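Heads up, the thing below is written out as structure tokens.
Just so it is clear, none of the values below were taken in a lab; they were calculated from the coordinates. Since we're looking at a predicted model, the values are computed, not measured. Here the Cβ is made from the backbone with ideal geometry for all residues, glycine too, and neighbour counts use every protein chain on show.
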Amino acid sequence: MTDTRPQLTPTQLQALGDELDALRQRVLEDLGERDVRYIRDLIKTQRALEVGGRGLLFFSVLPPAWLAGAAALSLSKILDNMEIGHNVMHGQYDWTGDSALSGREFEWDTACPAEQWRHSHNYLHHTFTNILGKDRDIGYGVIRMTEDEPWQPRWLGNPAYALLLALLFQYGVAMHDLEIERIGEAEPAWRSRRNLLSGIWSKVRAQTLKDYVLFPLLSGPQAPLVLGANASANLVRNVWAFTIIFCGHFPDGTFEFSEQETTEESRGEWYLRQMLGSANLTGSRLFHILSGNLSHQIEHHLYPDIPAHRYAEISKEVQEICDRYELPYNTGPLHSQFGSVVRKIFRLALPTPSPHARELGSAYDPDSATPSPEPADGLRRTTNQAVTAAAARTATAK
Amino acid sequence: MLTRLHERATVGEQVFTKLPQDGQASQQAVDARSGETGRSRQLPSAGRLARRVVGSSLLEALAAPHGVDRYVELVLPGFSLRDPRAEVVAVRYPTPNSLTLRLRPNELWHGFRAGQFVSLSVEIDGVRRTRCYSPALSEHARAELELTIRVHPEGLVSGYLRANARPGTVVELAQADGEFVLARTRPEHLLLISGGSGITPVMSMLRTLCDEGHDAPVTFLHFARREHEVAYSAELQELARSRPNVRLAFVYTRERTGGADRHLSRAQLRRVDRRYRQAEVYVCGPPGLIATTRALWASDGHPERVHSESFLPTRVVASPGEAHGCVRFAASRIELAGEAMTLLEHAEKAGLTPAYGCRMGICHTCTCRKLTGQVRNVNSGELSSCEQEDIQICSSVPVGDVELDL
């Protein structure tokens, strides 16, 4: 793997697209009762954790009950948001025809209304993955995650912004479509913003009512303890989701793309961009479930609507395809992938040379002493490479 | 999805009559005419009380955002606050190629009018499959629903039910639907004609009339291939014996007896009912039977007396990709000729603005319910002809007639 973005010939791209299409088709044809049983069992587990956790918190004067209740509720929220909500809302189980598993009807326990999420995530993020200026997951509009974002003094707060986003992640996700960093720019989008806000408000109100008013009140004098446990559960879920999601596209070795080079993509090029823009995490089966199988980010971005528990099964084959086309398959344990994300957040708080300047002389690498196998500046040549690649493709096409 | 169907079904629905289960036929008839619901007169059953508690707004707020249903159904699959469901209470096999299900619907089920059909869904290998069946019981038998289902050799749902339906099995229902219903003011002279499995809705009409103590002439004419294939044969004969106003005639189209009279004709009609021309006709069966009936009454100058329902198969074009059918957007009441382009493009051409995102089949923003018809997925090439199925319209092209809930 190098930090130069791999290129494929048009013939290779066609073949890659066909191979990945064939793999997708094979999985789709095999879908059946096993998948339904898997997701229903998971839903049962989550609902049991939810009911059990809430129940235990009625005895929260006893510290072990408080601890177990808060833990069960945290797990419930993590499962609800990640392996169940995120995946069901992708339409991964639409083929079942079950309204309880319908991507269009599912609502999750977080501040972001499902409908807005389906737009900002399923459509924008998954269609325009890692395209600067189009994929709002790059820094969520509040963190500088790439050298291509020109440095300004406000980016000195980058680590602080990231910490805040992690703690309040569910609200950060909910604000996604509002494009708050663009408020103040002259544009007549206030009416649609109001609609978005009212959707968010009704979700936030329902969650606040449930977690911070009703359940505490029902527990009588233990109200402060229950409120604390519920807040902890939301916090644990926020930090966990932030950690997993930021490992999906920002570890070293992932690539970004420009709008101009992606305007007329073939299916093969689209697949390639998804593979180069995503990074996996290694871990146990339980870890994969708790990450909503976003630990298989590469497989997820190739096939966002295939039931996520299948990603582990096809990952060997995807790796083998990557090997054959000499493409990177970016994977590693959580600590090293997240470590490289954190380092990037800190590094980009300070002024960085423009991509062009760094290209000319980058002997100095502040991260070279770290054990990360990847050069820390995997993103820096994006724009230049992109333009060259686009030009090369146009030339071949002619 | 079911809720949407449910809404559509109840829009056109008039006040259903809720009758005391032990009520007498004559009393029922009076209630039916006055349109009184009768629900208020009933004491809340234990189930209804439980439903009220479970459905309270406090519990709903505590169970947000999933709702109480999504918790309770994990323990009690037959329970639902939102979806009509039913439990199988008995299964019979009246003829070699049919089965009769007796179902006990939950309280969300609104009942049906004699002649209407019901959508029943079961899950087969993880996929929810829906088929429409006509109940055969009287519309006054509110506590139970009886469906007689013909088992086709390659029928997915009918075959599954034949092999797997047991007392205790839970199925999903949609509210009854269909325009093929007995007029509320019962006609003075009735002719009920059916062919094959088309017997069920007219059987329901006959049983309903008998329950109401209807005493005006009713003629029941049924066409079957062979004698042993007639469902409800014994009950029909018993009804004809005990009720002077009910006349019964069977015609067997594949047996030697019957001679030239195997298909519907004036001579045959005259034989079973001299004054058949004056009758209000309800006919259900294969398209040929309906066409003949319509032609006979049209030539007599009374086409409006014929009410019919046919089980028409969707027209399918042999070579995929050649969409010579018709694309119908049911909710918008727009129809246009099918072309070699996606259903999303058809909708846009028709001036509709359905939601869409990637336009390449990955984001599911455009997902929409296909009511009937066959489509080909442009990415996989796969053909799909299931009824009541969610499809991505950005990557589906029509193959023959297609109807979308859009």
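Here are some notes:
- Modelled FRET efficiency - R0 45 Å, B:Asn97 with B:Glu304, Cβ distances, 0.05 increments: 0.80
- The modelled label-to-label distance for the pair A:Ser266/A:Ser284, using points 7 Å beyond Cα in the direction of Cβ, is 4.5 nm.
- Taking label positions 7 Å along the Cα-Cβ direction at both A:Gln7 and B:Glu335, the computed distance is 5.6 nm, reported to one decimal.
- Shielding by other protein chains, B:378-386, mean Cβ within 10 Å: 2
- Shown here is the pair-distance distribution of the stretch B:130-172: with all Cα-Cα distances grouped in 10 Å bins from zero up to the longest one, the shares run 24, 54, 21, 1 percent.
- Formal net charge of residues neighbouring B:Val375 (Cβ-Cβ distance under 10 Å; K, R +1; D, E -1): 0
- Net lengthening on full extension, B:Glu144/B:Ala216 (0.36 nm per residue, minus Cα-Cα): 23.2 nm
- Mean Cβ count within 10 Å, highest first, over the residues of peptides B:329-342, A:237-250: A:237-250, B:329-342
- Rg/Rh for the stretch B:326-404, where both radii come from Cα atoms and Rh is the Kirkwood radius: 0.91
- Estimated from the Cβ-Cβ distance and a Förster radius of 22 angstrom, the FRET efficiency linking B:Glu345 and A:Asp21 is about 0.50.
- Percentage of interatomic Cα-Cα distances in the stretch A:250-321 larger than 13 Å: 67
- The ellipsoid that matches the Cα gyration tensor of the stretch B:190-310 has semi-axes, each √(5λ) in whole angstrom, of 20, 18, 13, with the longest given first.
- Per-residue Cβ neighbour counts within 10 Å put B:Ser299, B:Ser310, B:Ser204 in the sequence B:Ser299, B:Ser310, B:Ser204, beginning with the fewest.
- The translational diffusion coefficient of the stretch A:1-158, from Stokes-Einstein at 4 °C and 1.567 mPa s with a Kirkwood hydrodynamic radius over alpha carbon pairs, comes to 67 µm²/s.
- Cα centroid separation, the stretch A:236-274 to the stretch A:95-125 (Å): 20
- Counting only Cα atoms, the size of the stretch B:89-221 along its three principal axes is 49, 32, 24 Å, in decreasing order.
- Charge dipole (debye, nearest 20) of the stretch B:87-168; +1 at Cβ of Lys and Arg, -1 at Cβ of Asp and Glu: 120
- Unsatisfied cross-links (Cα-Cα over 24 Å) in the set A:Lys316/A:Lys344; A:Lys44/A:Lys210; A:Lys77/A:Lys203; A:Lys77/A:Lys134; A:Lys203/A:Lys344: A:Lys316/A:Lys344; A:Lys77/A:Lys134; A:Lys203/A:Lys344
- Average other protein chain Cβ within 10 Å of Cβ, residues A:116-129: 3
- Normalised size of the stretch A:179-312, defined as Cα radius of gyration per 2.2 N^0.38 Å with N residues, equals 1.44.
- Efficiency of FRET between B:Ala295 and B:Met360 - r from beta-carbon atoms, R0 35 angstrom, step 0.05: 0.10
- Added length on full extension, which subtracts the Cα-Cα distance from 0.36 nm per residue, B:Arg270 to B:Thr253: 4.3 nm
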